[in-house]
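Working notes, beginning with the structure itself.
Read-outs throughout are calculated quantities, based only on the coordinates presented, and are distinct from any laboratory measurement. Because the structure is a prediction, the values reported are computed rather than measured. Virtual Cβ from ideal backbone geometry, glycine too; neighbours counted across all protein chains shown.
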Amino acid sequence: MKMALSYSVQGFILLLTASLLVVSEANAIVVGGSEGWRFGFNYTDWALQNSPFYINDTLVFKYVPPSDTSFAPSVYLLPDLWSYTTCDFRRAKLLANATQGSGEGFKIVLKQWRPYYFASSGHNGFHCNAGLMKFFAVPLPRGN
């Protein structure tokens, strides 16, 4: 009886550990899903439909490099809500230029519980000002 209890306890501990690993596992999320990061897609709606995001999730920005017929996007991290709403890139940080989204895409890990404001300044800011190529994410802590 003592041996059977020991195996039951060991099995329970193994099951509990496995379930905690699943809960705390970070996700890689392609921004825009199959649409990728491109002009003409509403990323605010996408973010609302695909939230919540969690701390240590990775956002992957995939987009085609510039060509003679298209303006390639970029990825900026805007410093605050005002810069985000007005598409003011003066204090923004360039995360990925027009060519860094090809192939496996550009990846950023959401490391902190804070707002992350993303936007593209493509075509002299038109991508952001048109209201489509911007979104924000506030990653939540993962529950145990």
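Charge tally for Tyr116 (other residues, Cβ to Cβ under 12 Å; Lys, Arg +1; Asp, Glu -1): +2.
Considering only the other residues whose Cβ falls under 14 Å of the Cβ of Gln100, what net charge follows from Lys and Arg at +1 and Asp and Glu at -1? All intermediate terms of the calculation are to be shown ahead of the outcome.
Details: positive: Lys62, Lys93, Lys107; negative: Glu104.
Its environment carries a net charge of +2.
Normalising by the residue count of the stretch 65-144, find the relative contact order in percent from Cα pairs under 8 Å and 6+ residues apart. The partial results should precede the final answer.
Details: 122 pairs, mean separation 26.8, N = 80.
Reported relative contact order: 33 percent.
Selection among Ala92, Gln112, Gly125 by position relative to the dipole of the stretch 84-144 gives Gln112 as farthest towards the positive end (Cβ unit charges, Cα centre). In summary, the aspartates and glutamates within cross-link reach of Lys93, defined as a Cα separation below 14 angstrom excluding same-chain residues under 8 places away, comprise Asp80.
Ranking Trp82, Asn50, Gly40 by how far each Cα lies toward the positive end of the dipole of the stretch 19-95 (charges on Cβ) leaves Trp82 at the top.
Net charge dipole, the stretch 53-141: roughly 220 debye, given to the nearest 20, about the Cα centre with Cβ charges of +1 for Lys and Arg and -1 for Asp and Glu. Net charge near Asn50: determine it from the other residues with C-beta under 14 Å of the C-beta of Asn50, scoring Lys and Arg +1 and Asp and Glu -1. The answer is -3. With each label modelled as a point 7 angstrom along the Cα→C-beta vector, the Arg90-Leu77 pair spans 2.2 nm.
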